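Inspection log for the structure reproduced underneath, given as structure tokens.
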Amino acid sequence: MTSVGSTFDTTGLDKTTPLQRKLSYIELTMQDSGTLVDKEEKRELRQKLGYCLECEGLPVKLYMRKQSVLNPFRMKREPLSVTGECADGVCFACYPQRDPSLSPEWRRHRFAIKSPSFRR
């Protein structure tokens, strides 16, 4: 007789990393000292690690940090391109109008609604 827990494989269900949950603006994060991490500290950490600064929930990784060949103390940021998430360091969750998979009609409609010349 098999148990219920062994019939389901949950390894692929949660694609978020503990680091992404820690960097979320929505979730509360505690430091080792017991104090809460405020939004500004999370923003600085996101910028340092190469995550999107504007995502409210789970942030999207936009940049990969690489060490310089000539100076090992200098870090270089390379923009990532992940299908459906980001391209050249631009987050599609925050900027859906930059997603190339969307139709041109949808983009025009989106820009027409937000443009100030439309509201006369």
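Can you tell me which of (1) within 23 Å of Pro100 (Cβ to Cβ); (2) assigned to a loop (DSSP other than H, G, I, E, B) is the one Glu56 doesn't meet?
Looking at each condition in turn, Glu56 falls short on (1).
Does Glu56 satisfy the criteria of being among the charged types (D, E, K, R), exposed (fewer than 12 other Cβ atoms within 10 Å of the Cβ), closer than 26 Å to Ser24 by Cβ and modelled with pLDDT under 90?
In short, yes.
Filter the range 31-51 for residues that are over 29 Å from Cys86 (Cβ atoms) and open to solvent by 100 Å² or more (accessible area, probe 1.4 Å) and give the result.
Correct list: Asp32 only.
Within the range 63-93, which residues are assigned to a strand (DSSP E or B), among the hydrophobic types (A, V, I, L, M, F, W, C) and open to solvent by 70 Å² or more (accessible area, probe 1.4 Å)?
Met64, Met75
Is it true that Leu28 is part of a loop (DSSP other than H, G, I, E, B), surrounded by fewer than 11 Cβ atoms within 10 Å (Cβ to Cβ) and of a type in the set (A, V, I, L, M, F, W, C)?
Yes; evaluated as a whole, the condition is true for this residue.
Here are some residues: Lys66, Lys114, Lys76. Which one is of a type outside the set (Val, Ile, Thr), at pLDDT below 65, over 15 Å from the mean Cα position of the chain (by Cα) and within 28 Å of Arg43 (Cβ to Cβ)?
Lys114
The values are calculated or read from the model by the stated rules, or taken from the named source; none is laboratory data. These numbers come from a predicted model, not from an experiment. Cβ sites come from the backbone with ideal geometry, for glycine too, and all protein chains shown count toward neighbours. Side chains are part of the model used for accessible areas, which takes the heavy atoms of the whole protein and leaves out ligands, DNA and RNA. Shrake-Rupley method; radii C 1.70, N 1.55, O 1.52, S 1.80 Å.
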